Structures are given as structure tokens and as C-alpha cells.
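Visitor: Below is one structure. I have some questions about it.
The values are calculated or read from the model by the stated rules, or taken from the named source; none is laboratory data. Keep in mind the model is a prediction, meaning the values are calculated, not measured. With ideal geometry, Cβ positions are generated from the backbone for all residues, glycine too; neighbour counts draw on all protein chains shown. Ligands, DNA and RNA are stripped out before the accessible areas are found, and what is left, the full protein with its side chains, is counted by its heavy atoms. Shrake-Rupley method; radii C 1.70, N 1.55, O 1.52, S 1.80 Å.
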Amino acid sequence: MKHAAIIFISLLCSTTLVSIAQTPPAQKVDQNPASTTITFDRMWEDITPQSITITMSADGAAKYHSHSPGKTGDDIDEFETDFTISPRCRDKILRYAKEANYFNGDFTFKKHVVASTGKKTLMYADSARHFNTTYDYSENKAIQEITNIFQGISNTIEHGRKLQFLRRFDKLGLEEELKAMEDAAASHSLAELQVIAPMLESIAQDHSILNIARERAQKLLAKANSE
């Protein structure tokens, strides 16, 4: 009996150790980084992806993360990529952050109820400051502009992901997706097309793809280069 109890305790300790080993460590957030960091986070359950986060450093280096639960709850769509924001766009973001007092304040529109477009949070951090503001919609022009930029970047990256999928599994579907991108670009819903320029160029040069799709990719690539 004593021998069995020892075996049980040993198994319990082993299980506990495995459980601890498999639990990812909590990420430590640097409240005051040496370099300026701006983070945009949006959570909106009605669209895909539901959650997006973009973090940009003062030099333009950026990280994108999106998350959407699957239909069954098991097939979670998690995506992350590093990219570089163009100097022109980076400078605009930094300027708008300054105009919005580095997000130190309440910028939520409160005059009347508006249709929700997701909970958004902007965070500014440097060696001396750490501010954040949460809102759904804001009348503040700087907040509006910076929100449009970050959401436009997300749209561009997600379109790029879909192009990559269609390129591999459904080339005939590329034309429709590229047409949707043209419409989005015309309505200023895309930003930083240069992030997916390599994908657009590879489609434009692939003779196994329909000419009309290649032409649309070329037009979007030209727009990316002009930016």
C-alpha cells in the first residue's frame, strides 16, 4: 500500500511538471521602452478577423497579429507577421499621436449612440510616457486618421493572405479578390500596399494566371509603388 502511494505521488508530480512546462509564460510588457512604440488593438466579434493588433516602433518596424475563433472553437485562425511601415506613413502616425496628446485622454464620442465598429485601443509608450485610450468611435480628427491607417494596414495584410491562399488552391478566384481590392483601394480602405507588393508582383508575372487578374495585380502594384 505504501509502495502504491509513492507511485501515485510520483505520477502526480510528473503530471504537474508537464502541465507547468506546457503553460506559456506570461509576456512581460515594457511600460517605458527606450524607443517610441505605438500599438493599435481592435476587437469586433461581427467581422473576420475578430481581433487585430499592430505594434509600430519609431523606426517603422511593425508586427501584425490577428485572431479569429473557428466555427467549432477548435480551428482557431491565428496569424502573425513582421513588416515595415513606409517612412511617409510612419511619420503621419507619429504626428497624429502627438496631435492626440499621445492618447492621454478620453476620446470617445458621447453625444449620442452610434453603431458599433468594434472596441479599439491606442497605446503610446516611450522612455518617459505611457498612455492609452479606448474608444469605439471618436470625433477627434487625429484619432480618426490613425485608426483609418491601422485598419487599412490590417485590410491590406488580410487581402494578401487571401491572395496567397487563392494563388495556391484556386487561381480562378484571384480575379474576384483583386477586383475587391481595387474597390477597397478606391474607397481608401487599404493602406501600405507595399507590404504585399511581392505577392502582387508574383501574380502579375505568372502566365498561368488569367490575364485580367494579372492586369489587376499590376495596377495595384503600380499604386503600391506610387505610395
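Visitor: Take the alpha carbon atoms of segment 87-155, find their radius of gyration, then divide it by 2.2 N^0.38 Å using N residues; give the quotient. Let's see the in-between values first.
Guide: Details: Rg = 12.2 Å, N = 69, 2.2 N^0.38 = 11.0 Å.
Dividing the Cα radius of gyration by 2.2 N^0.38 Å gives 1.11.
Visitor: Between Val114 and Phe79, what FRET efficiency comes out of the Förster formula 1/(1 + (r/R0)^6) with R0 = 22 Å and r the beta carbon distance, rounded to 0.05?
Guide: After rounding to 0.05, the efficiency reads 0.15.
Visitor: Got a number for carbon plus sulfur as a percent of segment 33-135's accessible area, 1.4 Å probe?
Guide: Numbers: 2890 of 5700 Å².
About 51 percent, which is the carbon plus sulfur part of the accessible surface.
Visitor: Here's something else I'd like to know. Using the Cα atoms as the points, what is the convex hull volume per residue of segment 99-226 in Å³?
Guide: In segment 99-226, the Cα hull volume divided by residue count equals 138 Å³.
Visitor: Also, quick follow-up: With no solvent and one point on each alpha carbon, what is the Debye value of log10 I(q)/I(0) for segment 39-114 at q = 0.12 Å⁻¹?
Guide: -0.49
Visitor: Right, next: For Ser68, put the label point 7 Å out on the Cα→Cβ axis and report which residues of segment 139-168 keep their amide N under 14 Å from it.
Guide: Only 154-166 pass the distance filter.
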